[in-house]
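Notes follow once the structure below has been shown.
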Amino acid sequence: MARNSEPAGWRPPGSAPTRPARGNRWRVLPDLRVPLVLGVGVTLLASTALGGLALSSPTRAASTAERAAIAGAASTADTGPAQNPLQALLDALFPTPTPPAPPPPPPPTEAPATTLVADAAGSSVPVYADPNGGPVVNRVAGSNVLGQREAFVVTDASVPGWYRVEVPVKPNGSTGWIQASSVSTRTVTYYIRVHQSQFKLDLFNNGALQRSFAVAVGAPSTPTPNGNFFVWATQDWNSAPYAVGIFALSGFSPVLDNWPGGGRAGIHGWQDTSILGTQASHGCVRMGPADFGQLMHTIPLGTPVEITP
């Protein structure tokens, strides 16, 4: 019998081994290419991670020193951007947003219920640097330019025989000590607060808000001064462009010297009400005629006036 030279296995009679035609090789359908690439990538990544764990797994229990070293390295990698480029990249691409600034506190709706005011008793009042009797740092006339008795707002009455007062001279905010024997005292219940940014004047009485009025304040080149002042003089004045009257304050413009009174600031009525709610004045606070008329003969000398930005 002749030796069978055909490979083992059964084939149909007349058949011969075949090879796949060149144009019929196996190909990936287009819709499956992206999922297949992702799957291969994930598989390779998982294999690498498992291999790394296998390589890092000791064949014996790690010593205390080795465990501490590994923990320290991990902590450094977690917390040090220089040792963790991925974290540094993420921080650069997605920086932590800056928290918004807290809103400004609302303006206060209360004021001191009363204020102690000292009126000059003589032709002048010496002002001292301290309540020990000297030196004299100023001497204030006993009457203002309109002949009204000079008033001082008392800020400290705790030293027997002395008062610490606001002094109506430059620079703004000047204070000093006067002898109690040189003045008489009274109590004022009114208080005025001007909010420049809100173009608003609040009138308080006995510590409670009575009314709010729209105002105009100083232009950027001639700003209204901020600070604690008081009504230094009052005058009826109803001639255009002014209306009803004027309160002269104890403070001065920060930029004007050649203005009446050396640049003394004030609150007064203004006939043109279209300027209310704007920065329009030379430093004074302007009010509508009817509004200022409610204050003119109500607010006494020495009434505190607080002006805020």
Sulfur and carbon atoms: percent of accessible area, segment 173-247 [1.4 Å]:
48 percent
Classify segment 194-309 from the C-alpha gyration tensor, please: rounded if a/c falls under 1.5, else prolate or oblate depending on whether a/b exceeds b/c.
rounded
For Cα pairs less than 8 Å apart in space and 6+ apart in sequence, what is the mean separation divided by the residue count of segment 159-200, i.e. the relative contact order in percent?
29 percent
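The values are calculated or read from the model by the stated rules, or taken from the named source; none is laboratory data. No experiment lies behind these values; they were computed from the predicted model shown. When the accessible area is computed, the model is the full protein with side chains, heavy atoms only, and any ligands, DNA or RNA have been set aside. Shrake-Rupley method; radii C 1.70, N 1.55, O 1.52, S 1.80 Å.
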